[in-house]
Amino acid sequence: MSAWEIRQTRRFARSYKKLHKNAVQDVDAAVHSVSRDPDIGEKKKGDLADLWVYKFRCLGQLYLLGYTRDDAIRLVYLEAVGPHENFYRDFKR
């Protein structure tokens with residue numbers, strides 16, 4: 001089974017660019033894990049029902065990688081990445 005195609009949203013690209021250089025490797029590894037198996041994340045409910053979130057450790061704290069997916073064309077859209085703190089509040093903006 002081949003990896004899913006990955007696309008970034010502008011929001012993701014902006015937050016990725018601001019990451020500390022030590023964090024970039026951990027985020028890249030998380031993106032790689034999601035591209036191999038998008039079911040690895042947890043599907044959200046309610047007003048974030050389209051969002052999947054993959055949790056991983058980065059620089060000693062919990063980080064979240066938020067993404068949406070299009071199963072028909074095997075495409076994952078990276079929506080947001082960042083520390084758990086205020087992740088959902090900032091995502092809804």
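The values are calculated or read from the model by the stated rules, or taken from the named source; none is laboratory data. Keep in mind that what you see is a predicted model, and the values were worked out from it rather than measured. Virtual Cβ from ideal backbone geometry, glycine too; neighbours counted across all protein chains shown. These accessible areas exclude ligands, DNA and RNA; they are computed on the full protein's heavy atoms, side chains included. Shrake-Rupley method; radii C 1.70, N 1.55, O 1.52, S 1.80 Å.
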> Arg36 to Arg10: FRET efficiency via 1/(1 + (r/R0)^6), r the Cβ-Cβ distance, R0 25 Å, to the nearest 0.05?
Replying inline: 0.50
> To the nearest 10 square angstrom, what accessible area does Lys55 show with a 1.4 Å probe?
Replying inline: 90 Å²
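Return one whole number: the accessible area per residue of the chain in Å², for a 1.4 Å probe.
Details: 5940 Å² over 93 residues.
For the chain, the per-residue accessible area is 64 Å².
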>> Can you compute the helix-only [θ] at 222 nm over the chain? Use -39500 (n - 2.57) per DSSP H run of at least 4 residues, normalise by all residues, nearest 500 deg cm²/dmol.
In response: -9500 deg cm²/dmol
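Could you work out the relative contact order of the chain, using alpha carbon pairs under 8 angstrom and six or more residues apart, expressed as a whole percent?
Relative CO of the chain lands at 31 percent.
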> Taking all protein chains as present, what is the carbon and sulfur share of the accessible area of the chain, in % to the nearest whole number, probe 1.4 Å?
Replying inline: 49 percent
> Based on Cβ point charges of +1 for Lys and Arg and -1 for Asp and Glu, what charge dipole magnitude is obtained for region 23-69 about its Cα centre, in debye rounded to the nearest 20?
Replying inline: 100 debye
> Can you run phi through the Karplus equation (6.51, -1.76, 1.60; θ = phi - 60°) for region 56-63 and list ³J(HN,Hα) in whole Hz, with x for Gly and Pro?
Replying inline: 8, 8, 8, 6, x, 9, 7, 10
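Work through the residues other than Asp90 whose Cβ is under 12 Å from its Cβ and net out their charges, Lys, Arg +1 and Asp, Glu -1. List each step's numbers first, then the result.
Details: positive: Arg11, Arg14, Arg89, Lys92, Arg93; negative: Glu79, Glu85.
Combined, the nearby Lys, Arg, Asp and Glu give +3.
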> What's the extension gain from Gln25 to Asp70 if we count 0.36 nm per residue and subtract their Cα-Cα distance?
Replying inline: 13.6 nm
>> Counting just the Cα atoms, what span does region 39-93 cover along each of its three principal axes? Round to the nearest Å and put the largest first.
In response: 36, 21, 15
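More than 20 Å apart: what percent of Cα pairs in the chain qualify?
Values: 1225 of 4278 pairs.
In whole percent, the share of Cα-Cα pairs in the chain beyond 20 Å is 29.
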